[in-house]
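Down below is the structure, laid out as structure tokens.
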Ligand SMILES: [Zn+2]
């Protein structure tokens, strides 16, 4: 709108607003806030698109603008002829009501439950659940490439959960969730965590039951810097791995009561385990298949790698793993 007509519009608006009740003013404020949030959301999406140009279908960079759809620039690829926008082939494609995305991500930064987030931004609980996992699908992939120096590694276990599944593949547990046998069994999901002294943290869900040497190698080998010194408990799997990989290793014989040996201890990684479990408690049990998402969510909050809804949104826009890069 040009300056002159805009000034007239503002003048007219001012006169009309003066006649509104407090309640009516509140709903006008809501409408304006939603528009502002939508505009900001679309700008962030386009900003991401400009930083990752090229066709998501065939990766060709010979593309041209092809109108707008739902507020987003559409492009057409000259090589494959298909159209796309900045969200095509990301977990956020086809998610609607973008005006509510940033307010929703603010709820996630506050670790609100599905129900509480749904109430706060006025969406259905099922939508809230779907959004949570769509946003986490991308954001949980943001992780440091490497851990270095003194690296504390330890595993922790959670009782496996089929929350939300229609078909249980075992007899149901009584409420409260207690394992049927003592110790670590196939009823537990194993979470392996590596944390260096700079606070860089990596986690993996290795599967059911105790972690194996093979799993330790698969997780740690690609991410340990050459100079890394692995600090672990006395479990045989870590010794086997460090010997095979030629990584310096300091095992602590915790069974013999050795918890600290000079600068070597597992307090950082064990502290991380307990913060994760304490944080997870508010969700009253999460399904095993979503554990990687929750680990990623907690990691982003705990290491402060995501501190704003805007940053959360940009982290969530990634090509789906089935598409190799963009
Ligand atoms: Zn193409």
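The values are calculated or read from the model by the stated rules, or taken from the named source; none is laboratory data. Predicted model only: the values in this text are computed from it and were never measured. Here the Cβ positions follow ideal geometry from the backbone for every residue, glycine too, while neighbour counts run over all protein chains shown.
Quick notes
- Enumeration of residues in the range 285-297 that are closer than 16 Å to residue 112 by Cβ and within 8 Å of the chain's Cα centre (by Cα): 293, 294, 297
- Pairs with Cβ under 6 Å, 6+ apart, first in the range 223-249 and assigned by TED's automatic domain parsing to the domain that holds residue 196, second surrounded by 17 or more Cβ atoms within 10 Å (Cβ to Cβ) and assigned to a helix (DSSP H, G or I): 230/242; 232/238; 237/216; 241/216; 249/242
- Applying the set (1) part of a loop (DSSP other than H, G, I, E, B); (2) surrounded by 15 or more Cβ atoms within 10 Å (Cβ to Cβ); (3) in the same structural domain as residue 154 (by TED's automatic domain parsing) to residue 291 leaves exactly one unmet item: (1).
- Scoring residue 123 on the criteria (1) at pLDDT below 95; (2) part of a loop (DSSP other than H, G, I, E, B) leaves a single failure, condition (1).
- Residue selected from the range 44-68 under the condition surrounded by 12 or more Cβ atoms within 10 Å (Cβ to Cβ) and outside any loop (DSSP other than H, G, I, E, B), by the criterion farthest from the ligand (Cβ to nearest atom): 44
- The residues of the range 69-95 that are in a loop (DSSP other than H, G, I, E, B), touching a helix residue (DSSP H, G or I) at 6+ places or on another chain (Cβ under 9 Å) and more than 15 Å from the ligand (Cβ to nearest atom), listed by number, are 70, 71, 87, 90, 91, 92, 95.
- Residues of the range 211-238 that turn out to be over 18 Å from residue 260 (Cα atoms) and either over 25 Å from the mean Cα position of the chain (by Cα) or assigned to a helix (DSSP H, G or I) (or both), as a count: 14
- Test: residue in the range 27-38 that is surrounded by 12 or more Cβ atoms within 10 Å (Cβ to Cβ), assigned to a helix (DSSP H, G or I) and within 16 Å of the ligand (Cβ to nearest atom): no
- Number of the condition not met by residue 100 [criteria: (1) more than 16 Å from the ligand (Cβ to nearest atom); (2) farther than 14 Å from residue 34 by Cα]: (2)
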